[in-house]
Amino acid sequence: MSDKNKKSWKYKSNIPKPTEAELAILEVLWRLGPSTVRDVLNEFRKDREVGYTTVLKMLQIMTQKELVDRDESSRSHTYRARYEMEQTQDIMVKDLIARAFSGSVQQLIKRALSVKRISKKEKEELKGILDEMS
């Protein structure tokens, strides 16, 4: 790819990119569905120490960033992910391709396969996906 093409490959999305902490909360919401702060907190406490107010503040920020929607119709507000997991993954991958690989999907795949080995089964599945796409 020429230098001219590298500079012109940019990706913009109307979907906000979550931080690592926000992504952890989204993973809980995708798994559980609409949840209260207490629900999210209980999931987090299974493998890390975190406070109620920390989770509450993160959800409030995520509401402002439009990553989650808040239902205020009951005493305990519930939160749900605004975007499906696949939509969020799509924007994160597109952003990574744009920023780190100058728009080259091939370079992303080569790098991914060089840092993590895949099984023969996974290799066959990837071949099948590539065959379907051509």
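The values are calculated or read from the model by the stated rules, or taken from the named source; none is laboratory data. Note that the coordinates shown come from a computational prediction; the quantities given were computed from them, not determined experimentally. With ideal geometry, Cβ positions are generated from the backbone for all residues, glycine too; neighbour counts draw on all protein chains shown.
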| note | Checked region 46-55 for anything hydroxyl-bearing (S, T, Y) and modelled with pLDDT under 95; matches are none
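Looking for whichever is over 26 Å from I15 (Cα atoms) and without any contact (Cβ under 8 Å) to a residue 12 or more places away in the chain here; the options are R45, R70. Which one fits? Steps first, answer last, please.
Working: R70 fails: over 26 Å from I15 (Cα atoms).
Only one candidate qualifies: R45.
Residues checked against (1) among the aromatic types (F, W, Y); (2) modelled with pLDDT of 95 or more; (3) on the phi > 0 side of the Ramachandran plot:
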| position | (1), (2), (3) |
| --- | --- |
| L26 | no, yes, no |
| F44 | yes, no, no |
| K57 | no, yes, no |
| M62 | no, yes, no |
| R70 | no, yes, no |
| M85 | no, yes, no |
| D90 | no, no, no |
| V115 | no, no, no |
| task | Select from region 72-111 the residues that are of a type in the set (G, A, S) and surrounded by 11 or more Cβ atoms within 10 Å (Cβ to Cβ) and write down the one among them that is farthest from the chain's Cα centre (by Cα). | result | S76
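Give region 51-80 a look and list any residue that's farther than 15 Å from T19 by Cβ and either touching a helix residue (DSSP H, G or I) at 6+ places or on another chain (Cβ under 9 Å) or assigned to a helix (DSSP H, G or I) (or both), or say none.
G51, Y52, T53, L56, D69, R70, S76, H77, T78, Y79, R80
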| request: Check Y83 against each of (1) in a loop (DSSP other than H, G, I, E, B); (2) touching a helix residue (DSSP H, G or I) at 6+ places or on another chain (Cβ under 9 Å); (3) over 30 Å from G33 (Cβ atoms) and name the one condition it does not meet. | output: (3)
| Tally of residues being among the polar types (S, T, N, Q) and either closer than 18 Å to M85 by Cα or modelled with pLDDT of 90 or more (or both) across region 1-24 | 3
| note | How many residues of region 86-113 are free of Cβ contacts under 8 Å to residues at least 40 places away in the same chain and either under 30 Å from V37 (Cβ atoms) or not in a helix (DSSP H, G or I) (or both)? The answer is 5
